[in-house]
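The values are calculated or read from the model by the stated rules, or taken from the named source; none is laboratory data. Source: prediction; values computed, not measured. Note that we place each Cβ from the backbone using ideal geometry, even for glycine, and neighbour counts take in every protein chain shown.
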Amino acid sequence: MPDIFDEVEEDLRADRARALLARYGILIIAAALLVIAGAGGWEAWRWHQKQVNEQAATAYIAAMRTADALPGGGRTQPDKRAASEAAFAKVVATSPEGYRTLARLREAALKADGGDLSGAEDLWDQVSGDGSADPLLRDLATLLWAQHQPESADPTGMRARLKPLTAPDNAWHGLALEQSALIDMHAGAVDQARDTLRQLAADATAPQGVRDRANGLLARLGG
């Protein structure tokens, strides 16, 4: 008797399985195909991203080598400097975020060296305002922008833009404090410049070269 009941139960399970397969078989097969397609698509995307990154790295390194070979930043060879700028601009247009940011910074440096401060400022502004860029590079773009401003620039606006960089936990705070002191000196705020330079000279976390320059400026200011 137990064997008969077991056979009946197995038959019922088989009937239920066939009924479920008849009712949901297409959905089950479709789901399996989607899983397989998803796995294949993920691998294809990873392969594509690898190819894109390798191409971007190759293009960026080639542009960097061309720029590094320019004598004096390309001041005496404007055509070659323009070609190097174009190479970095192509990296910006075709590469992922990381390489795009680095290429903008290098292109801006070339423009600044060649006297095109307006073009360089545009690129620094693009980097500093790019929310997807590395914060370290965004702050560097702001610092470079400030370092290349003419003495006639608005000191209030420059101080406001540099202020976040002067925080103790910012990687560029030493250079930002130095630039802030120079802005104050050019604006005639000598006492404020002295205070900033004293703070910088006593800052053990600032680079030694920056601290030495702060002491030199203090000596010049009688501080």
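Per-structure values
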quantity: Cβ pairs under 7 Å, 6+ apart, first in region 160-174 and under 10 Å from Thr205 (Cβ atoms), second assigned to a loop (DSSP other than H, G, I, E, B); calculated: His173/Ala167; Gly174/Asp203; Gly174/Ala206; Gly174/Pro207
quantity: Residues that are surrounded by fewer than 16 Cβ atoms within 10 Å (Cβ to Cβ) and either modelled with pLDDT of 95 or more or outside any loop (DSSP other than H, G, I, E, B) (or both), drawn from region 130-147; calculated: Pro135, Leu136, Gln147
quantity: Selected residue (only one of Arg65, Arg104, Arg159 is among the basic types (Lys, Arg), part of a helix (DSSP H, G or I) and surrounded by 21 or more Cβ atoms within 10 Å (Cβ to Cβ)); calculated: Arg104
quantity: Region 108-129, subset surrounded by fewer than 23 Cβ atoms within 10 Å (Cβ to Cβ) and within 14 Å of the chain's Cα centre (by Cα), residue nearest to Ala86 (Cα to Cα); calculated: Gln126
quantity: Every residue from region 199-212 that is surrounded by 19 or more Cβ atoms within 10 Å (Cβ to Cβ) and of a type outside the set (A, V, I, L, M, F, W, C); calculated: Arg211
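This table checks each residue for (1) charged (D, E, K, R); (2) farther than 18 Å from Glu178 by Cα.
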residue: Ser118; (1), (2): no, yes
residue: Asp125; (1), (2): yes, yes
residue: Ala133; (1), (2): no, yes
residue: Leu140; (1), (2): no, no
residue: Gln147; (1), (2): no, no
